[in-house]
1. Which value in nm describes the separation of the simple spin-label points at T245 and A338, placed 7 Å from the Cα toward the beta carbon?
2. Tell me, what is the percent relative contact order of segment 326-391, built from C-alpha pairs under 8 Å that lie six or more residues apart?
3. So what's Rg/Rh here for segment 200-258, counting alpha carbon atoms and using the Kirkwood radius for Rh?
4. Pairs to check: K489/K512; K337/K401; K289/K626. Give those whose C-alpha atoms are more than 21 Å from each other in this structure.
5. Tell me, in nm to one decimal, what length is gained between T28 and A439 on full extension, where the rule is 0.36 nm per residue of separation less the Cα-Cα distance?
6. Which angle from 0 to 90°, rounded to the nearest 10, does the C-alpha axis of helix 100-111 make with the longest principal axis of the chain?
7. Would you please give the residues with an amide H less than 5 Å from that of E537, counting only those at least 5 places away or on a separate chain, with H modeled from the backbone geometry?
8. Rounded to the nearest 500 deg cm²/dmol, what is the calculated helix-only ellipticity per residue at 222 nm for the chain, with -39500 (n - 2.57) per DSSP H run of length n ≥ 4?
Amino acid sequence: MLPRKQRYAIPGLQPGKRRERGVALITTLLLLLLLTALSLAMVMSVRSDMLINGYYRNSRGSFYAADSGLNVVRRDVVNQLVGAIPANFPPLVSPMPAGEAAVVQAAINTKYSSNFALTTAGQATWPEQFQITSLSLTPGVPPCQLNGGNPGATCAAPAGNITSYVYLYNYRMTVAGKSTGSEATTLTDAGTIQITANLVPASSKTSFAAWGMFIDNFPVCSGTLVPGTITGPVFTNGGWTFGSTGSYIFTDSVGSASPTAGYQFSSGCQSVPAGSDKSGSTTIAPTFKNGFNLGQPSVPLPTNDFNQQRAVLDGRGAGGTAVSPSEMNNTLRDINKAKYPNSTTKTPGVWLPYTVNGSGQAVFTGGGIMVEGNASIVLSTVGTTGQVYTITQGSPAVTTKITVDPAANGGTGQTTVQSGSNTLNITGVPDMFDPATGALQGPATMLYVDGAITSLSGPGQGIPAIQDHSAVTVTAASNVTITGDILYKTEPVTLVANGTTPADTLIPGNDKGQALGIFTANGDIQLNNKQTNGNLEIDASLATISQGGSGGLVNVGASINTLTIVGGRIQNNIKNIGTTTRNVMFDRRFANGFAPPWYPSTTVTLGGILAANVAPFVSRRQWQNKTSYF
């Protein structure tokens, strides 16, 4: 028997190595365990990422469903409100049915009360859905306005010359969007919806002052309209062309006789029957707050200024025929009471329509002042009721100063004529009479210059030129050159925006019957600013318009820094006004049938009273994500 040490000995193995047997197996098992743990961690990580990505995808899907739902519901509300206004209705009856807000609210809440999915023709069903949880639609304050604000009349009891009904509604809606998973998003949107129904009479006499901008000749793609905010109704007997260099905002209705509009891109001009257009990545989309109406009937233009001539003689301005020498001889006199010569040869000077009674007292009988020959004119005020016309003619210069004061003589009125050392007092003032009935309508003055007005201005920059309660139209047979500020004593509308109140908003208490029109049928209104700071303001409706005419508003002097017009511009053609900044505010009183006396007018015929240009405008004030994620 072997010794004990030899009995357990293994050949080739040292006695100290016996205790290390199995280490490789253990190491292998440990490595396998570690690899298994890493694999499990990777699987769990991938699964978590997939769960997170799926949650995010479904969450974003529910958000887009809710946001799309807001847009769909809001548009449906607008469409139902617009659809509630009939195509034809009497002008003194509010076209929006009473209680329509409640009707639309109930219909919308019912229509979208359950999950609603959108489908597109030819495409798969949209997988997301939305559901309205609440809609509140209530009349605003005020709920309705006439003509953008017509004192003395309400939508419930309209009166006077109604041109539009404007309805305001406050809305608040909450929509829940759902995706293919269980995630949901709740969004709330609130704001104001404005619905404007513009009335177009079947046939009516309309003053051109009722347009903020009117252009006769403007073929599509013949030139682009200058970008900016344009207030007041806008129309052209041609077609509008918009460029891509700036934005356009129109606050009132826009129309054209052309069935298409032009859009000028860098690649060329496109003519399309739409209110916007796109070329490549560039979109031109003007903002039309009160509708864009193509293919409208052309507006007839005045053929001449005969009515303005005749208004001087009789205050009625009707007939449409030129004033004959014999009529002028029978009606007009100068400061010396001499009659106008009965001759076809024109006699320069200042002439007024008045008679001389048996006691030698002069009594005013017509509607204004006739100036034969070219003249320079300064308009100014005196006292609280006097309107002054300073007329300079010839070389050497002869100046005639005429003061019209309706409050003088205990309210009878007095016209005072001064030239050199001569003074003539005439009882009464120029008056306007209804052209059909002859009924007195009140004091008004037609200043007709049978020639060119070489300079027209107020007494100085920033100094009033037109008295309160003074209605004046200045007409020239040729060009009218404006050389300085012509301002109302009391400004009727705001000149700058203030918060949510836009420029050209009527100022309460500032409508004092003041009105100025400047008109030429055969020339241009030329700007030749002589004011040292380069700024110029004209408070008037400016018209260079006639059939076959070529007149426009054009700068013939130094460049103007800031040109401000409070009224409107009516032109045969667009011309270069040579100004850095142009501010044109529509005098909103002119939208309500008010106009300068004997201003050129036209007959608009569209075949029936209708709510033309029913235009919605949505102002969103609040958007809120009300989803709770925790």
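The values are calculated or read from the model by the stated rules, or taken from the named source; none is laboratory data. Here the structure is a predicted model, which means the values were calculated and not measured. Glycine gets a Cβ as well: all are built from the backbone with ideal geometry, and neighbour counts include every protein chain shown. Keep in mind that these areas ignore ligands, DNA and RNA; they rest on the heavy atoms of the full protein, side chains included. Shrake-Rupley method; radii C 1.70, N 1.55, O 1.52, S 1.80 Å.
1. My value for the distance between the label points is 5.6 nm.
2. Normalised by residue count, the contact order of segment 326-391 is 22 percent.
3. Result: Rg/Rh = 0.99.
4. K289/K626
5. 136.1 nm
6. 20
7. It is D485, I486, T564, by chain and number.
8. Taken over the chain, the calculation gives -5000 deg cm²/dmol.
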